[in-house]
Amino acid sequence: MNRTKWLWGLAAAVGLLLIAAPALLESYPYIMHIAIVAFFYAILASSWSLLAGYAGQFSFGHMAFMAIGAYTAGIFGKYVRLTTAPTGVCSEIPMGNHWLVLVNFFGDNCLELGKANMPVGTLIYRLPALPGIILGIIMGGIFGLLVGVLVLRLRRTYLALFTIGFSEIVRVTFNAEIDITNGPNGLELAPLFPNGVHLFGFYFNSANKIPPYYVMLMLFLVSMAVMYWLSISRFGLFIRSIREDEEAAAALGVHIVRYKVLVFVVTSMIAAAAGAVEAHYIGVITPNILLILQMSLVISMAVIGGLESLVGAAIGAIIIEFALEFLRTSFTIGPIVVDMTTWRLVFFGLLLMLTLRFWTNGLIYPIIQRLTRSGVAEETVAMRQAAVEGAVEGQG
Amino acid sequence: MIELDVNHIKKNFGGLQALNDVTFKVRGPELIGLIGPNGAGKTTLTNILDGLIRPSSGTVYLNGRRIDTLPPYQVARAGLGRTFQVTRAFRRMTVLENLMVPALAMHPTARQHDFLDKAMEVLKFLTMDHLVNEYGRALSGGQQKLLELGRLLMLDPDLIILDEPFAGVHPKLMEIIYEYITTVNAQGKAFIIISHDMETIFTLSRRLLVLNFGELIADGDPDVVRHDPAVIEAYLGEEEEEAGPAMVETYLGKDKRQDA
C-alpha cells in the first residue's frame, strides 16, 4: 500500500472513531464536553494556521471574528421572532402566513407593545439556531473583508498591532453596549436544539451532549475539508508564495491583493462559524472570550501543533485542550501544595517557549511531515531513472 | 515581435534623482546588457519596468500596452518577467511548487497536473530534475538562482530582466545560466541583463545600455560602448588617460575585437 493510501486510510479510521466516540462516551458527559470544546479550538487553531502559517498574516484578531459570529447569532436569537400575526409596531416582513419581526434594540420592547394589536392565540416563535449561525458566518466574512483590506499594506509587527487593536475595539464595544449585548454579564443564547432532537432513532433532549458533539464535529470536519482543499489548490499555492515573498509572487503574476483579502475572509468566516455554534452550545457569550489570553491560547495550540499544517494545528488544539483539563488535578510535594488549576498554565507556557525555541515547526507537524515526505527524494530519482530507462527502451 | 518603449522616465526619491530622462526601445529578441556603477539606477529602472515602483514622469509601453501604471502582477501577465538582485526563491515551498506559482497565475483555469510535464522539462534543462520535491531552502545559492530562472520559463514572458544572474555563482552553474540565456533568447525572448561581471556581459550581450547617476550615457554595440569616453569616465573617473588600456580592461573587460 502506498503512503498516500495509508494516510487516507488512517484519516478515515480516525474520522470513524470520532463519529463512533459518543457511543462509548455517552456516560461521560464531561469528556464529551471537553471534546466539543476541543473541536471548537481545533477549528480556530487550524483556520488561524491557514491565515498565519500558510499566508503569513500573523493576526491577533482571530478571536474577534469568532466573537462577531457568536454575538451575531446571539443578537439574532434575541431580537428576531416569527409570529402568526403582525405586531403593527415593530419592523416586520411578511413571510406567507407568518411575519418575521425585528424587535427594536432601544426603547420599549415593540413586541410587548405589539401584543395588544395581535389577536388572541397569536403564536410567537424563536427562530432555530441555524439562520443566526449563517448570519454570524456572513458577518464574520464582512468584517474579515474589512480588516483584510485595511491591513493590506501592513506586515509582521504592524499587522499584529493593528489586529490586537481591532480585537480590543470589538471587545470593548461588546462590553459597553449593555442594552444590546448585556455587556460583561454575557449574552444568552438558546441551545442548538431547544426542543431536543431525534438522531439515529433516539431522542436527545436539549441538554444532551451528543447532538452538539456531532454538530461541532461536522463543522470541524467540513471546515478542515474546505481548508485542506483550499491549501492544495491554487489558493494555497498562492498564499504560501505571498508568505514567502510578496514582491516575488507579484512579479510571477500572483494577484496579491485578491488572495490576501480572500484568506482573511475565508478564515474569518470559519472562525465565526465556530464561535456561533460554540456560543449556542455553551448558552452564553461574554466579552472575556476576547481577552488576549484566549487568542494566545489559540496561537499556542497552532504553534505547538505546527503552524504550517492545518492537521498539525488541529491535533495540537485537541491534545492541549484535553491536557489542560486533565492537568487540573493538584498534588503535593512534601509540604508544598501544587495548585494545578494555576500551574498548568505555567507548564503550558513553558511548553510553548520550548517549542518556539527548539521545534519551530511544532511538535505534531514534523511527525506528519515524516509520514508524508520521507523518501520523496529517493522516489523522485527512481521515477526519473525509470522514465529515462523507459525512453531508452522505447528507442531501442 | 517584442516591443518595449521606455519614454523619458524620471524617478525622484525625495531630493535624490534616481533616474533622469531615460529613454530606449527594445525591438524583437534582443540581448541587452545594462551596466553602470553602483547607485547608477539600474535596479530602480528594473523596478519601474516591472511595476514595483511608479516613475515620477515618463511612460513604459510593452507590446503597445502601457505598463507603468499597472501593478506588478499585471505587468507579469502582460509579458515581462524578472529576477531579483538577491535571490528570492520561495524557500519553504518545494522546487515543483515554486514552478507552479507562475504557471497557475498565468492560466486561471488550469490545474497543477496540466504543467507537470513542462515543469519537469524546465528542471531537466536546468539540470535540477532530481531536486523536484526538495524545499527551496535546501538548495544552494546558485541552484536557487536557477530556480528563479526556471520560474520565468513557466511564466513564459516576452521580455526577461535578470538582475545580477552571475553574482556569487559557481562557474559550473554560471555555464548553465549562460546557456539558459542564449537558448531562451534564440527561442525568441528578449533579455535585459544587469551585471557587474563585465567579461560575461560584454561577451553575452549584443547591445549595451550604460546608466550613470540616473542618466543613460551610452546605448549601442558593446565594443563601441567600451571605448565611449563617457563610459570610461563613469567607471574610471578622470584618471582614465593615466590608467591606460590595462585599467580599462580591468573595469570594462577585454575587447573582443582585439581578441579576434
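The values are calculated or read from the model by the stated rules, or taken from the named source; none is laboratory data. Given the structure is predicted, the values throughout are model-derived calculations rather than measurements. Positions of Cβ are generated from backbone atoms using ideal geometry, with glycine treated the same way; all protein chains shown enter the neighbour counts. Surface areas here come from the heavy atoms of the whole protein model, side chains and all, with no ligands, DNA or RNA. Shrake-Rupley method; radii C 1.70, N 1.55, O 1.52, S 1.80 Å.
Please list A:83, A:329, B:127, B:59 from largest to smallest accessible area, probe radius 1.4 Å, with all protein chains kept in place. Mind dumping the intermediate values first?
Details: A:83 0, A:329 100, B:127 75, B:59 30 Å².
Reading off the accessible areas and sorting them downward yields A:329, B:127, B:59, A:83.
When you restrict to C-alpha pairs under 8 Å that are six or more residues apart and normalise by the size of chain A, the relative contact order lands at 27 percent. Considering only chymotrypsin sites (Phe, Trp or Tyr not before Pro) in DSSP loops that have at most 15 other Cβ atoms within 10 Å, the longest stretch of chain A without any of them is A:201-358. Each Lys and Arg adds +1 at its Cβ and each Asp and Glu adds -1 at its Cβ; summed about the Cα centre, chain B shows a dipole of about 1300 debye. Every Cα-Cα pair of chain B was included, and the share exceeding 33 Å stands at 21 percent. Distance between the modelled labels on residue A:203 and residue B:140, one decimal in nanometres: 7.6 nm (7 Å Cα→Cβ projection). Taking all protein chains as shown and a probe of 1.4 angstrom, residue B:179 keeps an accessible surface of around 100 Å².
The mean of 1/r over all distinct Cα pairs in chain A, once inverted, gives the Kirkwood hydrodynamic radius of 23.4 Å. Residues whose amide H comes within less than 5 Å of that of residue B:84, counting only those at least five positions distant or on another chain, are B:163 (H built at 1.01 Å from N in the peptide plane).
A cut-off of 5 Å between modelled amide H atoms, ignoring neighbours fewer than 5 places along the same chain, links residue A:284 with A:189. Sparsely packed loop sites in the range A:128-157 (the trypsin sites (Lys or Arg not before Pro) outside DSSP H, G, I, E and B with at most 15 other Cβ atoms within 10 Å) comprise A:153, A:155.
Where does the charge balance sit around residue A:185 when Lys and Arg score +1, Asp and Glu -1, over other residues with C-beta under 14 Å from its C-beta?
Values: positive: A:78; negative: A:177, A:179, A:188.
Residues near residue A:185 contribute -2 overall.
How high is the FRET efficiency between residue A:354 and residue A:328 when r is their beta carbon distance and R₀ equals 35 Å, given to the nearest 0.05?
0.95
Using the Cβ-Cβ distance between residue B:130 and residue A:164 with R0 = 30 Å, the FRET efficiency computed as 1/(1 + (r/R0)^6) comes to roughly 0.05. Whole-Hz Karplus values for the range A:283-297 come out as x, 7, 10, 10, x, 4, 5, 9, 5, 4, 4, 5, 5, 4, 4 Hz, taken residue by residue from phi with 6.51 cos²θ - 1.76 cosθ + 1.60 and θ = phi - 60°; glycine and proline positions read x.
Compared with the dominant Cα axis of chain B, that is its longest principal axis, helix B:116-125 is turned about 40°. Once the Cα atoms are used to define both axes, helix A:310-326 deviates from the longest principal axis of chain A by about 60 degrees.
Our helix-only sum for chain A, with -39,500 (n - 2.57) per DSSP H run of n ≥ 4 divided by its residues, gives a mean residue ellipticity at 222 nm of -21500 deg cm²/dmol. Counting heavy atoms of the protein chains alone, residue B:88 has an accessible area of about 60 Å² for a 1.4 Å probe. Between the amide H of residue B:57 and those of B:10, distances stay under 5 Å, these residues lying 5 or more places away or on another chain, with hydrogens modeled in the peptide plane. The magnitude of the dipole of the protein assembly as shown, with charges of +1 and -1 set on the Cβ of Lys/Arg and Asp/Glu and taken from the Cα centre, is near 2120 debye.
Mind checking the dipole of the range B:148-200: about its Cα centre, +1 per Lys or Arg Cβ, -1 per Asp or Glu Cβ, Debye to the nearest 20? Let's see the in-between values first.
On the way: 3 positive and 9 negative charges, 27 e Å.
Here the size comes out at about 120 debye.
Provide a list, ordered by number, of residues in the range B:71-103 showing at least 50 Å² less accessible area with every protein chain present than when their chain is taken on its own, using a 1.4 Å probe. SASA drop of 50 Å² or more in the range B:71-103: B:73, B:88, B:90, B:92, B:93, B:101.
Here the protein assembly as shown exposes an accessible surface that is 61 percent carbon and sulfur, computed with a 1.4 Å probe and the other protein chains kept in place.
Ligands, DNA and RNA are left out, and with a 1.4 angstrom probe the accessible area of the protein assembly as shown is 47 Å² per residue.
Excluding ligands, DNA and RNA and using a 1.4 Å probe, chains B and A jointly bury around 2800 Å² of accessible surface, summed across both partners.
The heavy atoms of residue A:245 present about 30 square angstrom of accessible area, all protein chains included, probe 1.4 Å.
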